[in-house]
1. Output the residues belonging to segment 199-220 that are surrounded by fewer than 18 Cβ atoms within 10 Å (Cβ to Cβ) and closer than 14 Å to residue 168 by Cα.
2. Out of the strands (runs of 3 or more DSSP E) lying entirely within segment 35-135, which hold 3 or more residues that are buried (at least 19 other Cβ atoms within 10 Å of the Cβ)?
3. Filter segment 170-191 down to residues that are at pLDDT 95 or above and farther than 25 Å from residue 13 by Cβ and give me whichever is surrounded by the most Cβ atoms within 10 Å (Cβ to Cβ).
4. If you check residue 23 against the conditions, is it surrounded by fewer than 19 Cβ atoms within 10 Å (Cβ to Cβ), outside the structural domain of residue 202 (by TED's automatic domain parsing) and modelled with pLDDT of 95 or more?
5. Could you check segment 184-224 and list, in sequence order, the residues that are free of Cβ contacts under 8 Å to residues at least 60 places away in the same chain and either touching a strand residue (DSSP E or B) at 6+ places or on another chain (Cβ under 6 Å) or part of a loop (DSSP other than H, G, I, E, B) (or both)?
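The values are calculated or read from the model by the stated rules, or taken from the named source; none is laboratory data. What you see is a predicted model, and the numbers here were worked out from it, not measured in a lab. Every residue, glycine among them, receives a Cβ derived from its backbone with ideal geometry; neighbour counts consider all protein chains shown.
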C-alpha cells in the first residue's frame, strides 16, 4: 500500500533542514507504530520519499511526502496517530492512497506558490506587480547551481496575486520549479528589491503550496 500525505510546517519549525524534516517524520512513524515498509539490504530504512525541499527559513502550508506501508490501515487513523506524536508546528492535513506505480513527487511537481508579506503602500506594490507582469524579461543573477549567471525569471513566473492582510499585503507568486526553469524564492526577493521593494518591507516569506502545472491548470499532488 502506498500513500501520499499533505502536511504543514509552521513558522516555529522554519529552520528545519530537509534532512531534519525527514528524520522528524521517521521518528513520528516509529512512535505512532505505523506499519511502514523497509528497504532491503544491510542498512534498511523506511520507504519514505519527501517532496520538493522546503528552503531553510521558510514555513509551508501544503507540503507532501510519499510512504509505503507493509499492510493496509485506515487513513484517518494514520493521520490522527501521526498528529499525536508530531511536534507543535507539524501537522498532517490529509492522506490519500496512490498507485504503486505513480511517479514520485520530485518528478511531477513543477510549480510552487510563495507568499511574501510586504508592508508598503498598496499603490506602490500594485505598480510593481503590473511592471513585473508586463516586462518582456526579468534578468536576475542566479542563486542556484550556476551562481553569477543571469537568469530570466519572466518565463517562469506564471501568476501574481496581491491580497490585503493585517497591516500589510500578501503577494502570492506562482513560479516554475525543476526543469526547464527552476526559480528560487530568494531570486524572487532579489527581483522584488530590484523593482523597488525595500528589504525591510518584506516581513515574512512562506510556501503556500506545491503544484503540478498542466498547460494553464494547476493541480495538487493529491489530484494527480
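1. The answer is 200, 203, 204.
2. Because the criterion is at least 3 residues that are buried (at least 19 other Cβ atoms within 10 Å of the Cβ), the strands (runs of 3 or more DSSP E) in segment 35-135 that meet it are 59-68, 90-98, 111-118.
3. 191
4. yes
5. 187, 190, 191, 215, 216, 219, 223 - these are the residues of segment 184-224 that are free of Cβ contacts under 8 Å to residues at least 60 places away in the same chain and either touching a strand residue (DSSP E or B) at 6+ places or on another chain (Cβ under 6 Å) or part of a loop (DSSP other than H, G, I, E, B) (or both).
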